[in-house]
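Only one structure is covered here, and it is reproduced in the block below.
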């Protein structure tokens, strides 16, 4: 399974979303994005997901980080790809419990999904993997 995630930065803060109560992995934090269908490119899937989750048009930039993770709750291993992304307009929360613009230094204080944690730790230290 392939999953894409957007790293959207504005004024030194990154946009993150908290999963809804009652959803799988409820109330854990993640970067906006989602599953890639068999007929989509990674970039097209991320554009679609950001429209669905945040009501915005996106310009997907370069790949920042890629990881693999296997959740006990899921049968398939996932490949998670993070992209630098720009959005047009103001995001609207259409899919999360809440969304927040968070300073990098504060990322480590949020309960992120396990697949995101290594990347989040690097971001919190000021690294932009791949640069």
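Quickly work out the residue 105-to-residue 59 label distance, labels modelled 7 Å from Cα along the C-beta direction, and quote it in nm with one decimal.
In this crude label model, residue 59 to residue 105 measures out at 3.0 nm.
Any chance you could run the full-extension gain for residue 97 through residue 37? It's 0.36 nm times the residue separation minus the Cα-Cα distance, nm to one decimal.
Using 0.36 nm per residue and subtracting the Cα-Cα distance, I get 19.2 nm.
For the pair residue 69 and residue 24, what calculated FRET efficiency results from E = 1/(1 + (r/R0)^6), where r is the Cβ-Cβ distance and R0 = 22 Å, to the nearest 0.05?
About 0.95, to the nearest 0.05.
Given the peptides 22-31, 45-54, arrange them by the average over their residues of other C-beta atoms within 10 Å, most packed first.
Sorting 22-31, 45-54 by mean packing, highest first, produces 45-54, 22-31.
Which value at 222 nm does the chain reach when only helices count, each DSSP H run of 4 or more adding -39,500 (n - 2.57), with the total divided by all residues and rounded to the nearest 500 deg cm²/dmol?
So the helix-based figure for the chain works out to -5000 deg cm²/dmol.
Every number in this text was worked out from the coordinates using simple rules, so none of it is lab data. Remember, it's a predicted structure, so these values are computed and weren't measured experimentally. We place every Cβ from the backbone using ideal geometry, glycine too, and count neighbours over all the protein chains shown.
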